[in-house]
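A quick write-up on the structure given underneath.
The values are calculated or read from the model by the stated rules, or taken from the named source; none is laboratory data. Since we're looking at a predicted model, the values are computed, not measured. Heads up, the Cβs are rebuilt from the backbone with ideal geometry, glycines too, and the neighbour counts pull from every protein chain shown. Ligands, DNA and RNA are excluded from the accessible area calculation, which covers all protein heavy atoms including side chains. Shrake-Rupley method; radii C 1.70, N 1.55, O 1.52, S 1.80 Å.
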Amino acid sequence: MTQIFDESGNIIPVTILKVGPCIITQVKTTLNDGYNAIQVGYGNVAPKSLTQPQLGHLQKSNIQPLKYLKEFRVNDPADFSVGQVLNVESFVAGQLINVTGKSIGKGFSGLQKRHNFARGPMTHGSKNHRAPGSIGMGTSPGRVLPGKKMAGQLGNKITNVKKLKIVQVNNDENILVVKGAVPGKPGNLLSIVPSK
């Protein structure tokens with residue numbers, strides 16, 4: 001993240017995203033596939049790094065080998081065609097977008113960090129500082145109920161940040177400047193869709 005100044009001199013916290021260009025590799029329709037969607041590919045790679053089925057799928061549409069493929073549902077697939085390039089020209093400044101990606105993994109974390117539990121007293125002879133405490137009732141039901149908040153893996157899962165505002169669009173460099181933070185570390189792969 002970084003910060004920029006607007007016309008009034010206010011500081012805006014922003015994230016700079018490199019967007020595309022992405023290529024439409026397949027158009028799915030209700031008639032053929034049961035639903036309307038487009039498959040988008042990104043990231044040129046050498047043919048040797050893909051499997052034969054992956055290469056065959058792309059060669060069928062005469063498209064170069066791509067590292068990432070992802071589907072997006074659309075209302076009208078007739079607006080898209082195989083081989084069409086999607087880039088930042090699809091967005092305008094002031095538009096709201098949803099950004100999805102894998103969040104930063106924080107390892108096996110305790111309850112205070114993971115679920116914001118309060119800790120026990122640190123003084124007066126207390127030996128309960130960061131312990132979980134009771135995890136359920138007694139003989140009845142005689143088990144821990146599903147969904148109980150406990151220590152465990154924190155982060156490293158798909159998260160969605162909604163309604164981020166686009167501050168600037170740079171068509172020459174394919175760069176999107178978005179107000180606020182997005183999931184994951186620098187270099188993380190993100191999917192961007194317009195907010196509903």
Item to complete: Considering (1) at pLDDT 95 or above; (2) part of a loop (DSSP other than H, G, I, E, B), say which one G187 fails and leave the rest.
Response: (1)
Response to the item:
Within the stretch 36-91, restricting to residues that are in a strand (DSSP E or B) and β-branched (V, I, T), the one that is surrounded by the fewest Cβ atoms within 10 Å (Cβ to Cβ) is V85
Response to the item:
(1) modelled with pLDDT under 95; (2) over 23 Å from V178 (Cα atoms); (3) in contact with a helix residue (DSSP H, G or I) (Cβ under 9 Å, 6 or more places away or on another chain) all hold for I38 apart from (1)
Practice prompt. Select, from K185, K162, the only residue that is in contact with a strand residue (DSSP E or B) (Cβ under 6 Å, 6 or more places away or on another chain), open to solvent by 70 Å² or more (accessible area, probe 1.4 Å) and touching a residue at least 60 places away in the same chain (Cβ under 8 Å).
Written response: K162
Practice prompt. Those residues that are over 23 Å from the mean Cα position of the chain (by Cα) and either closer than 11 Å to I23 by Cα or charged (D, E, K, R) (or both), I need them from the stretch 37-57; list them, please.
Written response: K48
Worksheet item: Which of the residues that make up the stretch 1-19 are crowded, with 17+ Cβ neighbours inside 10 Å and at pLDDT below 95?
Response: V19
Discussion item. Every residue in the stretch 109-132 that is of a type outside the set (S, T, Y), under 22 Å from G184 (Cβ atoms) and surrounded by 11 or more Cβ atoms within 10 Å (Cβ to Cβ), please.
Written reply: K113, R114, H115
Worksheet item: Which of (1) open to solvent by 50 Å² or more (accessible area, probe 1.4 Å); (2) touching a residue at least 24 places away in the same chain (Cβ under 8 Å) does G152 not meet, given it meets every other one?
Response: (1)
Worksheet item: Counting only residues that are part of a loop (DSSP other than H, G, I, E, B) and under 26 Å from L164 (Cβ atoms), which one in the stretch 92-108 is least open to solvent (accessible area, probe 1.4 Å)?
Response: S103
Worksheet item: Does the stretch 170-192 contain at least one residue that is within 13 Å of the chain's Cα centre (by Cα), within 16 Å of K18 (Cα to Cα) and hydroxyl-bearing (S, T, Y)?
Response: yes
Practice prompt. Working only within the stretch 9-31, note down all residues that are of a type in the set (V, I, T), assigned to a strand (DSSP E or B) and over 20 Å from S90 (Cα atoms).
Written response: I11, I12
